[in-house]
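The values are calculated or read from the model by the stated rules, or taken from the named source; none is laboratory data. These numbers were taken from a predicted model, which means no experiment stands behind them. Cβ sites come from the backbone with ideal geometry, for glycine too, and all protein chains shown count toward neighbours. Keep in mind that these areas ignore ligands, DNA and RNA; they rest on the heavy atoms of the full protein, side chains included. Shrake-Rupley method; radii C 1.70, N 1.55, O 1.52, S 1.80 Å.
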Amino acid sequence: MLSGVPGSPYTRKMVALLRYRRIAYQLVASSSGVPGLPMARPHLLPTFYLPGPDGALQAVTDSTPLIRRFEAEHAGRGVIPADPALAFIDALLEDFADEWLTKAMFHYRWHYAADIDKAARILACYLGAPHDDESLARLAAAVSQRQIPRLRYVGSNPTTAPVIEAGYLRVLGVLEEHLRHHHFLMGARPGSSDFAFHGQLTQLVQFDPTPMALAVAHAPRVCAWVALTEDLSGLEVGEDGWFDGGDLPASLHALLCEVGRLYAPVLSANAQALADGATQVHATVDGQVWAQQAFPYQGKCLAWLRRDHQALDAQARTRVDRILAGTGCESLFTGL
Ligand SMILES: N[C@@H](CCC(=O)N[C@@H](CS)C(=O)NCC(=O)O)C(=O)O
């Protein structure tokens, strides 16, 4: 069982994953957990309720480790590529979607008036009981008043807005090019990164009017892919559906270049700020100034990626380093 709402990109990531993996689930539409079951601390969407060591249900969050847990607990239709080098690239792209693309998602939702208006009114309707117009208007105001100040957590501010928006358009362009030739980021079958992109893009290309209009104008294949990836329960996949890690398409290299351009400098500067005990992160992203408050969770993301890079055997690590060479991502894993 899990609880979450359609406006939560990570809920959409996980529901699409469960459907593809044919793992039976019950989704409770709620942003405040399930009555009678424990609350997650911190409370995040989605929250899964899974048996702990004593068999009692525990509240568990964080989609990335949950995907790995389900991989160990449910056989077949896995989303972690068999080749460890490709699995590492998949994890890096998953992290980029979860942690960078969400900046674009949250920025567009709470920056422009048309997007704020739509999100406030519709997200308010997700909050349970039916409401009359007056209480819905009150709730909508409360939702936007809660969310708009949280733009600072993702680093959306007047300095970074142009970088986020230019980055979103380029990422759309690269995905569109990839989908000219391929079904998924990881080949003929989806990897964990496909579900991470899907989750964020359900909001960007299907809900919030400003980024949706950009996607409709520039990336029709991406729009269709997001809709199709919602329910892949009927897709039959073969063991050999993954890309050859030694021969990745140019479009995947281009996507990794966006990770290196947009995300790697923020991850490095954030880790440095955390190590220095600084509250502010300053970086240069895409040749422009980036300033945001330090984010401890992304410090952990980088530590996990570095741990996974270290854990690769020498041969796989050499192949990963060859793939990342020239993308800007290699700086995250060198000189440690
Ligand atoms: N790293 C987590 C992130 C989950 C997350 O940030 N969820 C958002 C909603 S999409 C959330 O719950 N934010 C706190 C809130 O809304 O109170 C994951 O991958 O599941």
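Quick check: net charge around A137, other residues with Cβ under 12 Å of its Cβ, Lys/Arg +1 and Asp/Glu -1? Before the final figure, lay out each step's value.
On the way: positive: R121, R138; negative: D117, D132, D133, E134.
For residues surrounding A137, the net value is -2.
Remark on V28: its backbone amide H falls under 5 Å from those of L2, S3, G4, a criterion applied only to residues 5 or more positions apart or on other chains, H modelled at 1.01 Å from N. To the nearest 500 deg cm²/dmol, what mean residue ellipticity at 222 nm is calculated for the chain from DSSP H runs of n ≥ 4 alone, each contributing -39,500 (n - 2.57), summed and divided by the residues? Calculated from helices alone, the mean residue ellipticity at 222 nm is -17000 deg cm²/dmol.
The amide H of V285, built 1.01 Å from its N in the peptide plane, has W290 as neighbours under 5 Å, considering only residues 5 or more places off or on other chains. In the stretch 104-214, taking the dipole from charged Cβ atoms about the Cα centre, the farthest positive-side position among S156, L169, A113 is held by S156.
Quick check: the distance between the Cα centres of the stretch 236-289 and the stretch 163-234, to the nearest angstrom? The two parts, judged by their Cα centres, are 17 Å apart. Excluding same-chain neighbours fewer than eight residues apart, the lysines reachable from K13 by a Cα-Cα span under 17 Å are K103. Karplus-based coupling profile of the stretch 191-200, in residue order and whole Hz: x, 4, 5, 4, 6, 5, 5, 4, x, 5, with θ = phi - 60° in 6.51 cos²θ - 1.76 cosθ + 1.60 and x standing for Gly or Pro. Here the chain is treated with +1 on each Lys and Arg Cβ and -1 on each Asp and Glu Cβ, and its dipole about the Cα centre works out to around 560 debye. Based on alpha carbons, the Rg and Dmax found for the chain are 19.6, 63 Å. Bridge orientation summary for the chain: considering DSSP beta bridges with both residues in this region, about 80 percent are antiparallel. Over the chain, accessible surface divided per residue gives 43 Å², non-protein components excluded, 1.4 Å probe.
Comparing A294, A85, A275 in a Gaussian network model of the chain where C-alpha atoms under 10 Å apart are linked, the largest mean-square fluctuation is found at A275. For the stretch 189-232, the Kirkwood radius over C-alpha pairs fed into Stokes-Einstein at 20 °C and 1.002 mPa s yields D = 206 µm² per second. Within the chain, what whole-number % of the accessible surface is contributed by carbon and sulfur, with the 1.4 Å probe and all protein chains included in the calculation? Heavy-atom surface of the chain belonging to carbon and sulfur, 1.4 Å probe: 58 percent. Any chance you could list P(r) for the stretch 169-210, counting all Cα-Cα pairs in 5 angstrom bins from zero, rounded to whole %? Per 5 Å bin, starting at zero, the Cα-Cα P(r) for the stretch 169-210 comes out as 6, 21, 26, 30, 12, 4, 0 percent. In the chain, taking the dipole from charged Cβ atoms about the Cα centre, the farthest positive-side position among A215, M1, L252 is held by M1.
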